[in-house]
Amino acid sequence: MSRLQRLLRNQTQVDFPELWKTTLKASAALILISVIALLVRGVNLGIEFEGGTVWEASAPDVSTADVRDALRDVGQADAKIQFVGGDVLRVRAELDATNASSVAAVSLALANLTGQSIDDISFNSISASWGDEITDKAIRALIVFFIVVAIYITLTQEWRMALAALVAVAHDIVITVGIYSLFQLEVTPATVIAFLTIMGYSLYDTLVVFDKNRDYQRRSALVGRATYTRIMNTALNTVLLRSVNTTITSVLPVLSMLVIGTLVLGAVTLAEFAVALLIGLMVGTFSSLFVAAPAAAWLKERQPEFAEQRERLEARAQSRGTTVHEVEDAAVGPAPSHPAPPADRPTRRPPQAGTAIPPRPRKRKRR
């Protein structure tokens, strides 16, 4: 049976702890690249965060050099020039709306360049103070999100699981923002909303893994005869198909939104939202399996009970001249693809033919 067939039947036996050695190195490399990009290139914040004035006009036959020359004549040679949706020209300059003469001069220059009426040139002005307020609120929302999530996971699981989940979420945010910084994609309020959606998705996927892992810890077939890492590996194999299906069903509509919104409708806001979601969904699925799970296993393995269990299995493996994995396989067998019934719920066997249980005799009453 091929790996794909085993995956579709939810019968995988992937050795996730062995993959963690490679995936954690890949995550560290991506985080390093993201941090360097943030330090060197910075974040391309939208007008809503920095303030200023933005002009948009249809310019199918105009080049960036032509726009730069036209803006140089009105003293705005340093303005940011961008083409979005194919032929839509977007110019952003640090001009306040109160400077009406400068705003009108840029509008007139763009109208003459594109051969349109000045009324066809749309512009939007936002003050710097309003942009600072939006930035502060976005940072405050992020901090509140982390605090609430940490409290919730600590109450429902424990603080080690909460720490591992937050590490995975921070991993997702750093890499996503790093990609935006590396390619200088514009960060807008729609992008911030997408970031919050990404964090919620990543946490949901991580909590599913943790819940399944906690379920396996209660099973007599594993408790006392396997390390915590082995229990986590069994839980990951059980939820792998669910994670793949959830990711596919989430990515497909986002791709549709990105393609239709950008190429067909020309809606820039949809594209900004969809790009952040697409990156975050893929990174979030990766982190739940290869960041949150190993972080939780690393923290739990340092608990006295699990540390003693590992030492006992390692001593048994050394005496037999085998490995810990072989000792675990001999005790509990290979990682099951479907959960066994819990120890506190014994399986009832139906009575077979010819083995009917006789009626219970009645007690005679004393006269």
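Eigenvalues of the Cα gyration tensor times 5, then square-rooted: what semi-axes does that give for region 101-253, in whole angstrom, largest first?
On the way: eigenvalues 469, 66, 23 Å².
Each semi-axis is the square root of five times an eigenvalue, giving 48, 18, 11 Å.
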ask   = Counting Lys +1, Arg +1, Asp -1, Glu -1, what net charge surrounds S122 among other residues with beta carbon under 14 Å of its beta carbon?
value = -1
query = Under a plain spin-label model, where a point goes 7 Å from the Cα along Cα-to-Cβ, how far apart in nm are L24 and S256?
reply = 4.0 nm
ask   = So between S58 and K137, what do we pick up on full extension, going 0.36 nm a residue minus the alpha carbon distance?
value = 25.1 nm
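May I ask for the net charge around L89, where only other residues with Cβ less than 13 Å from the Cβ of L89 are counted and Lys, Arg are +1 while Asp, Glu are -1? It would help to have the intermediate numbers written out before the result.
On the way: positive: R68, K80, R90, R92; negative: E56, D61, D66, D87, D120.
Summing Lys/Arg as +1 and Asp/Glu as -1 gives -1.
Please compute the net charge surrounding L113, taking Lys and Arg as +1 and Asp and Glu as -1 over other residues with Cβ under 11 Å from its Cβ. Intermediate results must be reported in sequence, preceding the final value.
Numbers: positive: R68; negative: D61, D66, D69, D73.
So the environment of L113 carries a net charge of -3.
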query = Which distance in nm do the two modelled labels at E305 and V84 give, with both placed 7 Å along the Cα-to-Cβ direction?
reply = 5.4 nm
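Coordinate-derived values only; no laboratory data. It should be emphasised that the depicted structure is a prediction, and the values quoted were computed from it without experimental measurement. FYI the Cβ positions are ideal-geometry reconstructions off the backbone, even for glycines, and counts take in every protein chain you see.
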